[in-house]
Amino acid sequence: MPFDTPSSTSDRPHVVIVGAGFAGLEAAKTLRDAPVRVTLVDRNNYHKFQPLLYEVAMAGLEPDDIAHNVRNIFQGNETVNFRLGTVVDIDPARQQVHLHGSQSLSYDHLILAAGAVSTDFGIPGVEEHAYPLKNVPDAVNLRNRVLRQFERYDRQRAAAGEGALTFVVVGGGPTGVEMAGAFVELFDTLNDDFAQFDTREEARCLLLEMEDDLLPPYKAPQRAYTRQVLEARGVDVQTNTAVERVAPDRVHLADGRVLPTQTLVWAAGVKASPVANLLDAEQDRADRVVVSPDLTVPEHPDVYVVGDMAAIEGEDGYEPQLAQVAIQSGRHAADQIQRRLRDATTERFEYWDLGQMATIGRNAAVAEFAGGIAFRGFMAWFLWVVIHIAKLVGFRNRLSALVNWAYNYFTYNRSARLILDAVPLSDDGPMEGEAEGEQVTERPQTVGPQP
């Protein structure tokens with residue numbers, strides 16, 4: 001059945017799922033044996049394992065270790081079809097999803113699972129100069145930037161400019177903590193690559209957090225352990241520190257200080273995908289769509305919003321934007337569609353909190369599970385590795401990630417140290433501005449949001 005054929009011409013209801021992240025993929029898997037037609041739409045042809053993006057950025061894994069072709073996931077299944085495209089509009093009245101440069105998709109049921117994008121909270125300079133970490137191209141772009149900074153410094157230190165090897169991570173949540181820990185491990189690895197200077201002495205990593213402590217959702221012992229390990233490994237942790245504005249070669253803090261840096265990683269927060277703005281529905285301050293208990297949009301019972309796009313009412317406010325919430329809500333939306341096909345009433349979504357984990361680096365992590373069970377140190381790190389490998393999509397991805405991690409662990413060597421962008425003119429010939437001693441800067445390439 002063609003993708004753009006109106007659902008009324010088919011005996012099977014048409015379900016359109018927007019987004020092939022955790023929520024969208026789980027919804028599609030749940031429906032693959034149901035008496036429906038499913039069209040899964042995403043602007044990328046792969047599903048990415050977002051918790052490991054930082055490993056790609058820090059040369060620990062290759063992009064294809066954490067990404068899997070969507071068509072391959074549903075190969076041989078006649079229910080689920082994939083459409084590569086970008087959603088530009090949604091018409092709930094006509095039950096249509098409009099794609100850029102393509103015919104519209106008519107639906108009987110719509111699941112919006114387009115995820116989240118980075119938010120700059122209106123801070124000047126963040127969008128122009130900071131490096132986000134939400135997509136695979138973001139991770140590769142950041143890796144290119146970091147490795148090229150070391151090459152520039154090795155080539156001619158004076159021309160590299162102040163702050164060339166000062167890497168600032170903003171945001172003390174799991175992503176920021178994992179990035180900071182991986183940075184100092186990368187410094188150790190690169191020390192064997194550069195004989196003219198000691199990367200561990202010349203390079204610095206600063207982790208800035210505006211709250212009182214790192215990992216705010218975690219218990220106090222876990223937070224204290226995280227900070228202790230990071231500082232012991234060389235990370236300059238600064239809490240109660242807010243960013244006022246970002247310039248190409250420095251970051252201005254709210255307390256008046258100025259930190260010279262040419263590379264600032266933004267891990268300070270997210271908001272719902274711009275797709276959430278297409279519904280003309282109630283949204284929270286993070287642009288998430290406020291949904292009914294069964295995850296439908298009020299006044300649009302055939303539209304479900306799940307994952308990071310959804311403001312789902314929980315016991316203590318809205319549920320957090322976590323992978324587990326996304327997976328469970330995607331599955332729940334698919335289950336409700338099947339209930340409605342049986343003329344049964346829909347059920348309320350109940351989130352089952354399985355716990356939370358964050359790695360700090362080699363042999364160090366924190367973990368909290370249901371029932372008050374908590375680990376930190378090697379055991380937490382080992383559990384983190386096992387669970388994340390198990391959650392990767394596809395045997396090949398799991399095997400490749402395991403082999404790469406094992407190699408990195410036993411050799412202390414981050415093997416994916418490749419610069420894959422086009423060589424700038426300033427690096428192809430004499431460094432631009434060398435004669436005058438001017439600083440060379442490189443603006444980040446921003447990556448558009450998910451569908």
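The values are calculated or read from the model by the stated rules, or taken from the named source; none is laboratory data. Bear in mind that the values here come from a model prediction, so they are computed numbers and not experimental data. A quick note on method: Cβ atoms are made from the backbone with ideal geometry, for glycine too, and the neighbour counts reach across all protein chains shown.
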>> Condition first: crowded, with 16+ Cβ neighbours inside 10 Å and either at positive phi or assigned by the TED database to the domain that holds Val243 (or both). Can you find one or more residues in segment 277-290 that meet it?
In response: yes
> Among the residues of segment 39-54, is there at least one that is β-branched (Val, Ile, Thr), at pLDDT 95 or above and touching a Gly at 6+ places or on another chain (Cβ under 9 Å)?
Replying inline: yes
>> Condition first: in contact (Cβ under 8 Å) with a residue 40 or more places away in the chain and charged (D, E, K, R). Now tell me which residues in segment 224-275 satisfy that.
In response: Arg233, Glu244, Arg245, Asp249, Arg250, Lys271
> Picking from Val258, Val251, Val243, which residue would you name as being surrounded by fewer than 23 Cβ atoms within 10 Å (Cβ to Cβ) and either more than 23 Å from the chain's Cα centre (by Cα) or not assigned by the TED database to the domain that holds Gly24 (or both)?
Replying inline: Val258
> So which strands (runs of 3 or more DSSP E) stay within segment 7-63 end to end and still have 2 or more residues that are more than 15 Å from the chain's Cα centre (by Cα)?
Replying inline: 14-18, 37-42
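For segment 109-150, enumerate the residues that are of a type outside the set (A, V, I, L, M, F, W, C) and in a loop (DSSP other than H, G, I, E, B). Break it down stepwise before answering.
The first filter runs over segment 109-150 and keeps only residues of a type outside the set (A, V, I, L, M, F, W, C), leaving 109, 115, 118-120, 122, 124-125, 127-129, 131-132, 134-135, 137-138, 141, 143-145, 148-149.
If the condition is that a residue be of a type outside the set (A, V, I, L, M, F, W, C) and in a loop (DSSP other than H, G, I, E, B), then Gly115, Thr119, Asp120, Gly122, Pro124, Gly125, Pro132, Lys134, Asn135 are the ones that fit.
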> Here are some conditions: (1) farther than 15 Å from Glu209 by Cα; (2) more than 22 Å from the chain's Cα centre (by Cα); (3) of a type in the set (Ser, Thr, Tyr). Thr263 meets all but one. Which one does it not meet?
Replying inline: (2)
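Within the bounds of segment 191-202, is there any residue that is over 24 Å from Ala220 (Cβ atoms), crowded, with 21+ Cβ neighbours inside 10 Å and touching a residue at least 24 places away in the same chain (Cβ under 8 Å)?
Restricting attention to segment 191-202, the residues satisfying the condition of being over 24 Å from Ala220 (Cβ atoms) are 191-202.
Of the ones still in play, those that are also crowded, with 21+ Cβ neighbours inside 10 Å are none.
No.
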>> Checking the structure you have, find out if any residue of segment 223-236 is on the phi > 0 side of the Ramachandran plot and exposed (fewer than 13 other Cβ atoms within 10 Å of the Cβ).
In response: no
>> List the strands (runs of 3 or more DSSP E) inside segment 219-315, counting only whole elements, that have at least 2 residues being farther than 28 Å from Leu207 by Cα.
In response: 300-305
> Among the residues of segment 247-277, how many are in contact with an Asp or Glu (Cβ under 6 Å, 6 or more places away or on another chain) and more than 30 Å from Asn144 (Cβ to Cβ)?
Replying inline: 2
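Among the listed residues Gln103, Gln96, which satisfies the condition of being without any contact (Cβ under 8 Å) to a residue 12 or more places away in the chain, surrounded by fewer than 21 Cβ atoms within 10 Å (Cβ to Cβ) and farther than 11 Å from Val18 by Cβ? Outline the logic, then answer.
On the way: Gln103 fails: without any contact (Cβ under 8 Å) to a residue 12 or more places away in the chain.
Within the list Gln103, Gln96, the selection yields Gln96.
For segment 128-149, which positions are under 16 Å from Val168 (Cβ atoms) and out of contact with any helix residue (DSSP H, G or I) (no Cβ under 6 Å at 6 or more places or on another chain)?
Glu128, His129, Ala130, Arg145, Val146, Gln149
Looking only at segment 55-63, decide whether some residue is surrounded by fewer than 20 Cβ atoms within 10 Å (Cβ to Cβ) and not assigned by the TED database to the domain that holds Val170.
The initial filter retains those residues of segment 55-63 that are surrounded by fewer than 20 Cβ atoms within 10 Å (Cβ to Cβ), namely 62-63.
Cutting the leftovers down to not assigned by the TED database to the domain that holds Val170 gives us 62-63.
There is at least one residue in segment 55-63 that is surrounded by fewer than 20 Cβ atoms within 10 Å (Cβ to Cβ) and not assigned by the TED database to the domain that holds Val170.
Counting only residues that are part of a strand (DSSP E or B) and more than 30 Å from Leu147 (Cβ to Cβ), how many does segment 64-83 have?
Narrowing segment 64-83 to residues part of a strand (DSSP E or B): 67-69, 80-83.
Applying the additional criterion that residues be more than 30 Å from Leu147 (Cβ to Cβ) yields 80-83.
Residues flagged as part of a strand (DSSP E or B) and more than 30 Å from Leu147 (Cβ to Cβ) within segment 64-83 amount to 4.
A quick yes/no check of all residues on (1) among the aromatic types (Phe, Trp, Tyr); (2) touching a strand residue (DSSP E or B) at 6+ places or on another chain (Cβ under 8 Å); (3) at pLDDT 95 or above:
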site: Glu26; (1), (2), (3): no, no, yes
site: Leu31; (1), (2), (3): no, yes, yes
site: Asp65; (1), (2), (3): no, no, no
site: Gln96; (1), (2), (3): no, yes, yes
>> List the residue pairs whose Cβ atoms are under 7 Å apart, where the first residue sits in segment 396-421 and is in the same structural domain as Val136 (by the TED database), the second is outside any loop (DSSP other than H, G, I, E, B) and exposed (fewer than 15 other Cβ atoms within 10 Å of the Cβ), and the two are 6 or more positions apart or on different chains.
In response: none
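Name the one entry in Gly171, Gly176, Gly181 that is over 19 Å from Arg362 (Cα atoms) and assigned by the TED database to the domain that holds Ala242. Quick ask: steps written out before the conclusion?
Working: Gly176 fails: over 19 Å from Arg362 (Cα atoms); Gly181 fails: over 19 Å from Arg362 (Cα atoms).
Residue meeting the stated conditions: Gly171.
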> Out of all the residues in segment 12-25, which are crowded, with 24+ Cβ neighbours inside 10 Å and not β-branched (Val, Ile, Thr)?
Replying inline: Gly19, Ala20, Gly21, Phe22, Ala23, Gly24, Leu25
> Out of curiosity, is Ala130 touching a strand residue (DSSP E or B) at 6+ places or on another chain (Cβ under 8 Å), of a type in the set (A, V, I, L, M) and under 30 Å from Gln196 (Cα atoms)?
Replying inline: yes
>> Can you say whether Glu299 is more than 18 Å from Ser118 (Cβ to Cβ) and surrounded by fewer than 15 Cβ atoms within 10 Å (Cβ to Cβ), as far as the supplied structure shows?
In response: yes
> When you scan segment 358-451 for helices (runs of 4 or more DSSP H) that lie fully inside it, which ones turn up with 3 or more residues that are modelled with pLDDT under 75?
Replying inline: 395-411, 425-428
> What is the residue count in segment 338-365 for residues that are crowded, with 24+ Cβ neighbours inside 10 Å and farther than 19 Å from Ala267 by Cβ?
Replying inline: 1
